[in-house]
1. By how many nm would the segment from residue A:12 to residue A:145 grow when fully extended, if each residue of separation counts as 0.36 nm and the alpha-carbon distance is taken off?
2. What longest range of chain B stays clear of loop-exposed GluC sites (Glu not before Pro) (DSSP non-H/G/I/E/B, at most 12 other C-beta within 10 angstrom)?
3. If we hang a label 7 Å off Cα along the beta carbon direction at residue B:70, how far is it from the matching labels on the other copies, in nm, shortest first?
4. Counting only protein heavy atoms and using a 1.4 Å probe, what share of the accessible area of the protein assembly as shown belongs to carbon plus sulfur, as a whole percent?
5. Got the residue B:130 label distances to the other copies yet, label 7 Å along Cα→Cβ, in nm, shortest first?
6. Normalising by the residue count of segment B:61-194, find the relative contact order in percent from Cα pairs under 8 Å and 6+ residues apart.
7. Taking only protein heavy atoms and a 1.4 Å probe, what accessible area per residue, in Å², does segment B:61-194 have with all protein chains in place?
8. Given a 1.4 Å probe and no ligands, DNA or RNA in the count, how much accessible surface is buried by A and B, both sides, to the nearest 100 Å²?
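The values are calculated or read from the model by the stated rules, or taken from the named source; none is laboratory data. Computed from a predicted structure; not experimentally measured. Neighbour counts run over all protein chains shown; Cβ positions are idealised from the backbone, glycine included. For accessibility, only protein heavy atoms count, side chains too; no ligands or nucleic acids. Shrake-Rupley method; radii C 1.70, N 1.55, O 1.52, S 1.80 Å.
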2 protein chains.
Amino acid sequence: MPVAKGATLDPAQTRAGILRAATGLLYQRGLDGIGVAELCATMGVSKETLYRHFGSKEGLVRAVLEARSQRIMAWVLKAVAAASDEPYAQLAAVFDALAQWHEEPTFRGCGILNAATQQHEGPARLVAHHHLDRQLDVLTDIARRAGAPNPTHLAKQFLALRVGATVLADHHADTEAALLAKQAALALLRSTITTPAPAPRP
Amino acid sequence: MPVAKGATLDPAQTRAGILRAATGLLYQRGLDGIGVAELCATMGVSKETLYRHFGSKEGLVRAVLEARSQRIMAWVLKAVAAASDEPYAQLAAVFDALAQWHEEPTFRGCGILNAATQQHEGPARLVAHHHLDRQLDVLTDIARRAGAPNPTHLAKQFLALRVGATVLADHHADTEAALLAKQAALALLRSTITTPAPAPRP
DNA sequence: CGGACATCGAACCGAACGGTTCCATCTGAG
DNA sequence: CTCAGATGGAACCGTTCGGTTCGATGTCCG
């Protein structure tokens with residue numbers, strides 16, 4: 001938040017404000033699409049302050065991405081918890097939340113995967129990997145409780161549908177991608193459960 | 001290819017050589033990950049030559065991406081044609097080719113979608129949109145010939161699986177993503193065909 | 001042979017970048 | 001009241017970037 005000149009209001013609060021503002025700006029403009037100077041000017045913060053809190057632009061990016069990953073996970077878990085205990089309903093809830101996200105006017109794809117794509121080196125790749133791990137855990141749990149013979153494989157298929165739909169919503173302006181992905185995921189779960197032999201042919 | 005000093009061998013050949021070399025370099029390093037100077041030095045071409053052939057770095061990028069899109073389409077169509085006339089076999093062939101691509105040591109995700117993610121503005125977005133259009137056409141044709149009640153929707157689900165698997169192969173080091181996506185696509189096609197009513201519930 | 005053409009190599013330009021430093025200013029705690 | 005600490009504002013540095021220009025060199029065609 002923009003403080004007057006020399007405010008000791010709360011360093012942690014300043015840091016949180018930078019983090020929140022930078023999250024949106026770096027997401028909309030891309031990691032290399034906005035410089036530290038413009039970043040600071042827009043946030044109403046001096047470069048020295050940013051440097052003292054995050055050490056470098058890369059440090060800021062790392063903090064932003066980790067915070068974003070936490071926020072997304074909380075958002076997904078909340079959507080799952082809001083649904084009934086039925087795995088089908090929870091799976092549907094995950095993709096319904098996805099559709100809702102895609103419809104936001106500021107939607108620009110997954111900020112974490114975008115960041116990992118933008119900087120081939122750097123911390124973004126690690127954050128993206130862990131982020132996908134965590135999302136996979138949620139989907140694996142749903143698949144397992146649904147009684148899937150191979151929850152891990154099914155969860156990876158769900159995750160592919162999820163990230164694929166997000167890419168299509170972004171790069172193909174496909175507003176129904178999430179809905180179709182949801183239907184595909186449900187059909188997949190249904191057919192996996194009802195099929196007696198999981199067809200061990202590769 | 002690197003010509004001695006003042007060679008009039010063939011301007012078109014020079015252009016093609018630049019295009020081929022730049023394709024690999026821009027793919028591996030990212031659009032902003034390598035400058036025009038290093039690009040020219042690695043290719044053994046002077047900046048003036050590159051500038052005369054492509055006008056600007058953006059012009060080079062546009063040419064590279066359009067050539068890449070053409071190449072990918074030809075590659076997909078060849079894989080489809082190599083399979084039997086059976087839509088199931090052709091769908092499997094598309095994802096088998098995907099798996100083969102993911103296993104290449106130089107694999108770095110889809111170069112076109114990566115480019116579109118790297119430069120939020122610019123021609124990459126358009127190329128990516130058209131590229132997805134063309135891929136959708138191929139999948140829609142397969143779905144239609146398989147007798148799907150809604151080939152367009154099914155094709156979008158296939159495409160989501162395809163791009164999702166590519167993202168997972170890149171950002172999650174998931175070597176089996178393409179195989180699982182293939183199985184999911186086949187199961188989806190099977191269940192869509194065999195299911196009498198396509199469940200008009202959104 | 002001679003001139004048009006393509007190319008290389010190098011120097012150069014202005015702008016933007018990430019990062020650093022200095023200092024006046026304001027707040028809150030003692 | 002006083003002082004340590006946090007901040008804003010601005011200047012500054014070295015680097016890199018995309019792009020431009022110029023002269024020397026080599027090749028092909030008439």
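1. The residue A:12-residue A:145 span can extend by a further 43.8 nm.
2. Excluding the exposed sites themselves, the longest stretch runs over B:1-102.
3. Label-point separations across copies, in nm and ascending: 5.0.
4. On the way: 10800 of 19280 Å².
Carbon plus sulfur share of accessible area: 56 percent.
5. Label-point separations across copies, in nm and ascending: 4.1.
6. About 29 percent, as a whole number.
7. On a per-residue basis, segment B:61-194 sits at 39 Å².
8. The summed interface area works out to 3800 Å².
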